[in-house]
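A.B. asks: Sending over a structure as structure tokens; questions will come in a sec.
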Amino acid sequence: MSGGWANSDRKSRLPSGWAKIRARILERDRICVLCGVRPSAFCDHIIAKADLNEDSDLQGVCGPCHDQKSAREGAAAAKAKGRPSRTRPPEQHPGLL
């Protein structure tokens, strides 16, 4: 993941046996379940923010697919929060003031 854990609280919410769970999922899903091409490198939660650490909610994915999925989920979360846009409103022409 490009941004790492910088903007995520996921690491603090993982169960104490996460290393074993992750290893089991990556063993089960050796090839990325999203693209079916590259080897799995990440143990991904299928349902974002659900904190379901059961095998049925976990999948092995490759780095590029994980980055894309995380970016989509982050964008959806930001949109749902209704953050203000980064664009300025159009300014009136000085001659019209």
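Values quoted throughout were computed directly from the atomic coordinates according to the rules given, and no laboratory measurement underlies them. Here the structure is a predicted model, which means the values were calculated and not measured. Don't worry about glycine lacking a Cβ; one is built from the backbone with ideal geometry, like all the others, and counts go over all protein chains shown.
A.B. asks: Going by average Cβ density within 10 Å per residue, which order do the peptides 41-47, 22-28 take, highest to lowest?
C.D. replies: The most tightly packed comes first, giving 41-47, 22-28.
A.B. asks: I would also like to ask the following. Angle between the Cα long axis of helix 18-28 and the longest principal axis of the chain, 0 to 90 degrees, nearest 10?
C.D. replies: Helix 18-28 sits roughly 80 degrees off the main axis of the chain.
A.B. asks: I've got another one for you. PRE reach from ALA41 (point 7 Å along Cα→Cβ): which of segment 47-81 fall under 11 Å by backbone N?
C.D. replies: 62-67
A.B. asks: Another question, then. Taking the Cα atoms only, what angle lies between the long axis of helix 63-81 and the longest principal axis of the chain, rounded to 10 degrees?
C.D. replies: Here the helix axis deviates by roughly 50 degrees.
A.B. asks: Per DSSP H run of n ≥ 4, the term is -39500 (n - 2.57); total these for the chain, divide by its residue number, and report the mean residue ellipticity at 222 nm rounded to 500 deg cm²/dmol.
C.D. replies: -10500 deg cm²/dmol
A.B. asks: Straight-line reach from LYS81: which aspartates and glutamates fall under 18 Å, measuring Cα to Cα and dropping same-chain residues less than 8 apart?
C.D. replies: Partners within reach: ASP9, GLU73.
A.B. asks: Taking amide H positions as placed in the peptide plane 1.01 Å from N, state which residues far from ILE31 in sequence (5 or more) or on other chains have amide H under 5 Å from it.
C.D. replies: Here SER40 satisfy the definition.
A.B. asks: To make sure I understand the rule: partners must be aspartates and glutamates, Cα under 13 Å from the Cα of LYS69, and not fewer than 8 residues away in the same chain. Which ones qualify?
C.D. replies: Counting by Cα, and skipping residues close in sequence, LYS69 has these aspartates and glutamates nearby: ASP44.
A.B. asks: Based on the Kirkwood radius over alpha-carbon pairs, what is the Stokes-Einstein translational diffusion coefficient of segment 14-80 at 10 °C with 1.306 mPa s viscosity, in µm²/s?
C.D. replies: Details: Rh = 12.2 Å.
In µm²/s, the coefficient rounds to 130.
A.B. asks: Please compute the contact order of the chain in relative form: average sequence separation of alpha-carbon pairs under 8 Å and at least six residues apart, divided by the residue count, as a percent.
C.D. replies: 24
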